[in-house]
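Worksheet: one structure, shown below.
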Amino acid sequence: MSEHQTSAPIIPNFWVESVEVARNFYIEQLGFRHMMGIVGKDGQLDFCIVQREQAMLMIGRPDDRIEGMAPKYPTRRPVELYVYVADVDAYHAEVKGRGVAIVEALKTQWWGDRNFAIRDPYGYLLWFCQVVGEVQPPPGVKMI
């Protein structure tokens, strides 16, 4: 049996009510590609992995109910993803062109990243970013 290899150093796993809803959003709206999926006894996806460049995300439907699995989760999620892409300006234009709502505008940050954020159907905030400069802390920010 061959070993599964990936270049992603960490792969988050989101638990959701409908893997299809989440999967379709990541593929159709964010341009991720489907890597693999597992179909449950009811014919619906129990699990899948999607990928964009080096970023991978596992999406699963658990056997038991987990708090916070519903779509359009009403409060802010305790986890946000920060995803590096090769060209954040081009990706921003691509995502906007697909009609995805941008919840944090594209801008260059003092820590040297240029980024923007979207929210997925389950309320997770995803920041897409690219390193474009050096860290330049504003006055009053103490870095250690």
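The values are calculated or read from the model by the stated rules, or taken from the named source; none is laboratory data. Fair warning: this is a prediction, and the values are worked out from it, not measured in the lab. Quick reminder, even Gly has a Cβ in these numbers, built from the backbone with ideal geometry, and neighbours come from all protein chains shown.
A few notes on this one:
- Selection status of Ile66, at pLDDT below 95, farther than 28 Å from Pro137 by Cβ and β-branched (Val, Ile, Thr): yes
- Residues being touching an Asp or Glu at 6+ places or on another chain (Cβ under 6 Å), at negative phi and among the small types (Gly, Ala, Ser) - total across segment 87-136: 1
- Count of segment 34-53 residues which are in contact with a helix residue (DSSP H, G or I) (Cβ under 7 Å, 6 or more places away or on another chain) and under 26 Å from Ala86 (Cα atoms): 3
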